[in-house]
Amino acid sequence: MAAESVGQGLQQVALSTAFDVHFPALEVVLPLVAAPLCFLFRSRAFARILSAAVAWLTFGVALVLLQKVLAEGTVRYPLGGWAAPYGIEYRVTVAGAWVILVVSLVAALTLLFDSRGSASRLAPERRYLYYSAFLLCLAGLLGMAITGDLFNIFVFLEISSLSSYALIALGRDRRALMASYSYLIMGTIGGGFFMIGVGLLYQMTGTLNVEDMAQRLPAVLDTRTVLVGFAFLLVGLSIKLAVFPLHQWLPNAYTFAPPRVSAFLAGTATKVSYYVMAEVVFVLFGAHFVFTEIGLGAVLMPLSVAAMFVGSLAAIYQADLRRLLAYSSIGQLGYMTLGLSLANVEGLTSGLVHVFNHGVTKSGLFLVVACVGYRTGRTTVRSMAGLGTRMPATSLAFVIGGMSLIGVPGTAGFVSKWELIRGALAAERLWLAAVVLVSSLLAVVYVWRVVEMIYFGRPEGLESLGRDGEPVREAPFSMLLPTLILVAATVVFGLWSDPTLSVARSAAVELLGGAGG
Amino acid sequence: MAAAEATAAAAAPLPVRDLAVVELGPLPLEVLLLALLGLTAVVILRTRELFPAALLTGVFSLINAGLFTLMDGVDVAFTEAAVGAGISTVLFLGALSMMDRSERQRPPRWRALLAVVLTGAALIYGTFDMPSYGDPQAPVHRHIAPQYLAGAEAVHIPNVVTVVLASYRGYDTLGETVVVLTAGVGVVILLGGRRRRRSAGVGSTIEAGGRDGG
Amino acid sequence: MADERGPVVDDEPPMRMREQIVLQVGGRLLTPFILLFALYVQFHGDFGPGGGFQAGVLFAAALVLFGLLFGVDRVQQVIPVSVSEVMIAVGVLLYAGVGVTTLLLGSAFLDYDALSAEHGQHWGILLVEAGVGIAVAATMTRLYYAFGSLHPDSEPAAGEHGE
Amino acid sequence: MSLLEALLVQRGLWVYWAIITLMMIGLYGVIARDHLVKKVMGLNVFQSSAILLYVAIGKVRGGTAAILLEGEENVLYSNPLPHVLMLTAIVVGIATTALALALTVRIQEAYGTLEEDELARLRVREDEEEAALDPHPFDPPGEPEDVEYPEVKVGGGAGGAGV
């Protein structure tokens, strides 16, 4: 395809007349148009309804796209009608469609969540700004996963980053401002590194299109410029992905952001960066170059293992539930990058299936914490004391989500871990399988701390009362529903793992096949 | 219509107007401007007074715009001058109007310096295999760019940057406009809805006390 | 369109500036020319350096110059905060609207040839650049309002204090 | 010596090296400076130099800006693509600067200082207090803020809130 279009020159690409050819564009354009509309009409109610509707629409479109990609292979869409290396091309791969499905699902469910009383620092009449920023973030994340142009990835990366800085700064605690600032500095350096990396690769190949570049790179792979360009791309993405030593921005950002923003970002932002990293590693450079010639595995694997232990160990010592979940995320991201560093089908499948499994689990858990915070007025581990009887559904949701973090059989987390262990064994690294099992024990510790508090902890004095001075009771239905859907999904797709696993596997096979199969 | 011309342009060797220029060694004006840029950057970071530093970021942008012009990026130069020397300086001065304008002196950070030197060394290592500066045969000038020039000629729009910006890569530019919107939304979120404090007392936070305990 | 965040009434520019008659007259004379130049840059972008983005910044720069000499409130009387915010959205929607139109006409998103067989590219580029120009001018103006009216005494809206 | 001369003079790599040095000066400012506004200035220098790198990549020696001259054949033009990309990058830069400065304004209001180490100290203290007091980060809906921080000193004098 790419080779053909070079011959076509600047010829316009004729599109089929069926409307669903436009779905790749619509997926991103819908939230992109909805964001200024929210900003224009300045109505909170309008913004709420529009953003929820748009999020569900993007989810529907993502579902159709995924089916289409699975049936017909990579779906391409020439923006502006210009053929691939000249114009910007949307290139929906199985992995890309999988990621946008997760992103739009998490967005739709978190927007369904009724964030009464705990939303953000915005005065009610200015809440529409929140939805505007939320939609921009959604559009940025979706755009990153769909586009087949390296510089376009940078543009959408910045859209999602800039809007997430604004969203995080909305947290009620003043520490949210500092968290946002630190994330801004780190994120901008990451974006800058990514841009420099793209520039160096562009200089050696003359193109920005991922597939076109993948075809032109082998001729210059042995140059130092390309090597440095690759390193800069990787470091830039690692900051966004919170790979172990570059993760410092994440705990505070997730802890102090408004509850729904934490739930959304925890389930999506790092996952999209993971996909882009996989695309760079496997499609742009190819597994052979990355793992055999420069031996990235020797760097990424220890860092992943370190992330698994450091993240989980830190989670054990946290007093605040949100911070506990944030550190747990660092550990869970370690499993994902470990899967990538194995560079085999099982490992990558585990990483990609974890995009869904962890995205759903962690968003669900952050929503659980939002429910608890809404009723008790606190989000500390101690605030969970005795909730087992007073907020039974929410408590059960936490237990199930926690089990998925540990990887208990029957939950989604188990599916990913099982696949990861298979990957480690396939790579003949028995010790890695053992390490994964041991690190899961750490997850048992931090989850058990909370579970113990829920069912055996005793609320003392004032703590038995909620924040409105009344006894704590179950969260309202409008908050509980999306939370329970997300948590139920971890069980459903833990028991019935065929669909998620098969999609992730074909995505992994496709990625490992390199550019254009 | 443009296809044939474009393919032709891609195939034909690029015209090299003046080989003597390519052979020319150091370019005095570029040396001067780069040296000035370096000097400005160092002064920006070293001065502890933020007001002059903010003005110097504007100067930095102006010199940078001069370099862009030398490197034929007239559109970029125009934008850098207007944004860097104009708007961004105003934003810095506005923000500084309500904060402490001097920075405390601190010893240099050796670990940061080491990290930065290593990063720079990596980048310099990467330059060794780069095409020469200004080499007309570099891949960037052989692939895609010639087709853009031909395409712009075909639609009779002389400024190629405009054509590429608005048409070939129009989607990037939509993204750019959305970045602008995002900045607008973000700043309105953070600084919008402000009002002048009525007078000390009413609505102010002075008496409220706090859990900081003062 | 009453705006609750209207101009701060007593936002006097520093006295030193006020008394600079030369500066004031100069600024007053210069402002319309910068605005004209911005329009020129907007529409001349096809032929020379410039285009929507540069024009937008220049337009805002003219307002900033005027504001520095006569105070932000004077600028806000001409272009209220709410108008600047509306125009940000209008600019982006104009750009995206061109794309959606071409999409509804059956071509690819932002494929200007769908607009007109002969001059599609020209029309498309003109409209899109106008969208960029409006959005950028409005955003830069809004940014100036936000930062230009900062004052040690101003504070965020009720309930939005960074705690 | 001759190798260096070949690299520097004939291949003109010194241009890239100078740009990389600039970039690193900016990066050092971001990492090592303590004042939050100074960090933003460092970020500005870093981003501007990265933009310069792209523009340098697009330069053709003996070429001219990519504005087509009618009726002239065999004119050598510099590459317009990096210029297009860098227009976007400049926009990203100003957007980042605006957002970062808005954040520093809010941090100044909330903490009364912008020195990083003092802020870190304040934050650690806050974390400790939170662990001790088990506070209520979720306020009741609809009620005015009942938990406030003490008034912070704004502008003038070194912020001493941390000590």
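Values in this text are rule-based calculations from the coordinates and carry no lab data. Since this is a predicted model, take the numbers as computed values, not measurements. Cβ coordinates were reconstructed from backbone atoms using ideal geometry, including for glycine residues, and neighbour counts include every protein chain displayed.
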Checklist outcome for this item: The ratio Rg/Rh over the Cα atoms of chain A, Rh being the Kirkwood inverse mean 1/r radius, stands at 0.97
Checklist entry - Considering every pair of different Cα atoms, what Kirkwood radius, in Å, is found for segment A:82-163? => result 14.2
Checklist outcome for this item: In Å, the Kirkwood hydrodynamic radius from C-alpha pairs for segment A:97-229 sits at 16.9
Next on the checklist: Suppose R0 equals 41 Å. What FRET efficiency, 1/(1 + (r/R0)^6) with r the Cβ-Cβ distance, do A:LEU396 and D:ASP117 give to the nearest 0.05?
Outcome noted: 0.40
Checklist entry - Using the beta-carbon distance between A:TYR455 and A:LEU221 and R0 = 56 Å, what value does 1/(1 + (r/R0)^6) give for FRET efficiency, to the nearest 0.05? => result 0.45
Checklist entry - What are the principal axis extents of the Cα atoms in segment A:174-321, in Å, biggest first? => result 53, 27, 21
Checklist entry - Which values of log₁₀ I(q)/I(0), to two decimal places, follow from the Debye formula for segment A:14-162 at q = 0.19 Å⁻¹ with a uniform point scatterer at every Cα? => result -1.10
Checklist entry - Which ordering of B:MET99, A:MET384, A:MET186 is given by a fewest-first count of other beta-carbon atoms within 10 Å? => result A:MET186, B:MET99, A:MET384
Checklist entry - Rounded to the nearest 5, what is the percent of antiparallel bridges among the DSSP beta bridges in the protein assembly as shown? => result 95
Checklist entry - Stokes-Einstein at 10 °C, 1.306 mPa s, Kirkwood radius from Cα pairs: D for segment B:138-191 in µm² s⁻¹? => result 122
Checklist entry - What average count of beta carbons from other chains do you get within 10 Å of the Cβ of residues in C:129-139? => result 5
Next on the checklist: Please report the net charge: other residues with Cβ closer than 13 Å to the Cβ of A:GLY190, K and R +1, D and E -1.
Outcome noted: 0
Checklist entry - Please state the Cα pair-distance histogram of segment A:296-517 with 5 angstrom bins from zero: what percent is in each bin? => result 1, 8, 15, 18, 18, 14, 10, 7, 5, 3, 1, 0, 0
Checklist entry - Going through segment A:418-517, which chymotrypsin sites (Phe, Trp or Tyr not before Pro) have at most 13 other Cβ atoms within 10 Å and a DSSP loop state? => result A:TRP496
Checklist entry - What is the mean number of Cβ atoms from other protein chains located within 10 Å of the Cβ atom of each residue in peptide A:199-211, rounded to a whole number? => result 6
Item to check | Contour excess over end-to-end distance, with Cα ends at A:LEU437 and A:PHE477 and 0.36 nm allotted per residue | outcome: 10.7 nm
Next on the checklist: Defining a contact as two alpha carbons under 8 Å apart and six or more residues distant in sequence, what relative contact order in percent does segment B:27-99 show?
Outcome noted: 30
Checklist outcome for this item: Packing-ranked peptide list from C:26-34, A:361-369, D:30-38, highest mean Cβ count within 10 angstrom first, is A:361-369, D:30-38, C:26-34
Checklist entry - Given q = 0.06, 0.08 Å⁻¹, what are the Debye log10 I(q)/I(0) values for the protein assembly as shown, with equal point scatterers placed on the Cα positions and solvent ignored? => result -0.41, -0.76
Item to check | Pairs of Lys in the protein assembly as shown closer than 28 Å at Cα, counting only those 8 or more apart or on different chains | outcome: 11
Checklist entry - For segment D:1-52, what mean projected area does the convex hull of the alpha carbons give, in nm²? => result 3.9
Checklist entry - Per the Debye formula with a single identical scatterer at each Cα and no solvent contribution, what log10 I(q)/I(0) holds for segment D:25-118 at q = 0.10 Å⁻¹? => result -0.42
Next on the checklist: Can you show me the helix-derived [θ] at 222 nm for the protein assembly as shown, built from DSSP H runs with n ≥ 4 at -39,500 (n - 2.57) apiece and divided by the number of residues, rounded to the nearest 500.
Outcome noted: -22000 deg cm²/dmol
Checklist entry - How are the C-alpha pair distances of segment C:15-148 spread across 5 Å bins, as whole percents from the shortest bin up? => result 2, 11, 17, 18, 16, 13, 9, 6, 4, 2, 1, 1, 0
Item to check | Relative contact order of segment A:296-517, defined on C-alpha pairs under 8 angstrom at six or more residues apart (%) | outcome: 28
Checklist entry - Cα convex hull of segment A:395-492: how many Å³ per residue? => result 100
Checklist outcome for this item: Short to long, in 5 Å steps from zero, the percent of alpha-carbon pairs of segment B:27-99 per bin is 4, 18, 24, 23, 17, 9, 4, 1, 0
Item to check | When the convex hull of its Cα atoms is projected in every direction, mean area for segment B:87-137 (nm²) | outcome: 7.1
Next on the checklist: Give me the inter-chain shielding for B:30-36: mean count of other chain Cβ atoms within 10 Å, whole number please.
Outcome noted: 3
Next on the checklist: Per-residue counts of other Cβ atoms within 10 Å, averaged by peptide: what ranking do you get for A:22-32, D:11-21, highest first?
Outcome noted: A:22-32, D:11-21
